[in-house]
Amino acid sequence: FKELISELLDFRKMERGKLHLNVCQMDLIPYLRQIHQDFTDQANLQNIQFIFHTEAENLLCWFDGRQLRKVLTNLLSNAFKHTPEKGKIELSITDKGDSIYIKVIDSGKGIPPKALPFIFDRFHKSDRSRSLDRDGVGLGLYLVKSILDAHGEDIAVTSRDGETEFVFTLTLAKPAPKPTAKPENTGRRGGRKSS
């Protein structure tokens, strides 16, 4: 019931354009490790292999930590709801240029091809549609996309051969520019040469 109320309140904020983002530079790696840890008990309970994969030690990105948690909680909760016992879920990061690609991949039921074009629409809902919860109102993935849109990021989904993959982007924070070297002191004062 709490999830439903939260979902509806977020939806109203989206509709009114009042979603407030507190975007700042954060290290993505420990942030995602914590989310992975938060779902470990559920993975053990359901006998599902849950993998976190990254080759980076740290990645500074721009994002709102509270809102991004809603995105990942939704995607991972859906993955666990649709993945059978002894299945596999992977949370992974790929670094490409100025963007980071975050993937949530599961070996669950899959999404019917006809549903894929509408998966992020509000109120789209079916038993296999991943819209947060079968008992919800079909706003989960609409909110996910809206939060990422507010960040200026993209999300896409593919589902085939028993594997469903959601992938979204985050912008890599660029290092601060190096200070420019000061000109050498020539010993002269003023801007003119004496004649």
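Here are some notes:
- Screening residue 67 with (1) farther than 27 Å from residue 110 by Cβ; (2) surrounded by 11 or more Cβ atoms within 10 Å (Cβ to Cβ); (3) modelled with pLDDT under 90 gives one miss only, at (3).
- Screening 76, 91, 116 for residues that are surrounded by fewer than 19 Cβ atoms within 10 Å (Cβ to Cβ), touching a residue at least 24 places away in the same chain (Cβ under 8 Å) and hydrophobic (A, V, I, L, M, F, W, C) leaves exactly one candidate, 116.
- Some residue of segment 40-49 being modelled with pLDDT under 95, out of contact with any Pro (no Cβ under 6 Å at 6 or more places or on another chain), surrounded by fewer than 17 Cβ atoms within 10 Å (Cβ to Cβ) and at positive phi: no
- Scanning segment 29-50 for residues that are hydrophobic (A, V, I, L, M, F, W, C) and more than 16 Å from the chain's Cα centre (by Cα) returns 43, 45, 48, 50.
The values are calculated or read from the model by the stated rules, or taken from the named source; none is laboratory data. Computed from a predicted structure; not experimentally measured. Here Cβ is always computed from backbone atoms with ideal geometry, including for glycine, and neighbour counts include all displayed protein chains.
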